[in-house]
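Here is the structure we will look at, set down as structure tokens.
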Amino acid sequence: MNCAIRLIRQGSWATTSMVAPDVLLDGRRVFTAIGPTLLPVPPGAHRIDVVENYLGSSTPVATVVNVAPGQLVDVYYAPPFTRFTSGRIGVVPQERPGQGPAVAVYTYVAVSFVVMLILMMISWVAVLSI
């Protein structure tokens with residue numbers, strides 16, 4: 001009978017890597033796409049390992065799913081916002097980890113950029129007024 005696991009990578013194109021994650025199904029590497037990926041499997045228990053590979057590898061996550069004959073099992077993978085945290089995987093939609101640190105870093109960079117622009121404008125005014 002036809003059985004399959006549908007791996008659904010959560011997040012939008014703007015908040016995830018444009019590189020598909022590395023996925024191991026029962027210890028063998030499988031090809032995955034950016035969107036949902038259908039993985040044909042025989043009935044039984046199957047282990048799925050996922051790791052993101054952008055700017056270095058994130059911490060791998062894994063789960064074991066049981067697939068009955070003729071069943072399609074959805075597995076949801078939520079990649080981390082940063083490579084310093086691990087993703088989450090399960091049979092229900094997952095919350096993406098690492099949002100707090102990512103927002104803190106992006107806010108710091110934005111504020112630093114604005115402060116730099118203000119300081120440059122002040123220095124230009126000082127130079128032009130001489």
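The values are calculated or read from the model by the stated rules, or taken from the named source; none is laboratory data. All values derive from a computational prediction rather than experimental measurement. Here Cβ is always computed from backbone atoms with ideal geometry, including for glycine, and neighbour counts include all displayed protein chains. To get the accessible areas, we keep the full protein, side chains included, count just its heavy atoms, and leave off ligands, DNA and RNA. Shrake-Rupley method; radii C 1.70, N 1.55, O 1.52, S 1.80 Å.
Below, the figures for the structure above:
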| quantity | calculated |
| --- | --- |
| Of all residues in the range 83-103 being closer than 14 Å to Pro60 by Cα and surrounded by fewer than 17 Cβ atoms within 10 Å (Cβ to Cβ), the one that is nearest to the chain's Cα centre (by Cα) | Phe84 |
| Any pair with Cβ under 8 angstrom, 6 or more apart, that starts in the range 55-72 at a residue that is surrounded by 11 or more Cβ atoms within 10 Å (Cβ to Cβ) and ends at one that is hydroxyl-bearing (Ser, Thr, Tyr) and at pLDDT below 95 | Ser58/Thr85; Ser58/Ser86; Thr59/Thr85; Thr59/Ser86; Pro60/Ser86; Val61/Tyr77; Val61/Ser86 |
| Top-ranked residue in the range 14-43 [being open to solvent by 30 Å² or more (accessible area, probe 1.4 Å), of a type outside the set (A, V, I, L, M) and assigned to a strand (DSSP E or B); ranked as modelled with the lowest pLDDT] | Asp22 |
| The lone exception for Tyr106 - which of (1) of a type outside the set (Asp, Glu); (2) surrounded by 10 or more Cβ atoms within 10 Å (Cβ to Cβ); (3) in a loop (DSSP other than H, G, I, E, B) it fails | (3) |
| Sole exception among (1) modelled with pLDDT of 85 or more; (2) under 20 Å from the mean Cα position of the chain (by Cα); (3) in a loop (DSSP other than H, G, I, E, B) for Thr59, by number | (1) |
| Answer residue from the range 115-130, given it is open to solvent by less than 80 Å² (accessible area, probe 1.4 Å) and aliphatic (A, V, I, L, M) and is modelled with the lowest pLDDT among those | Ala126 |
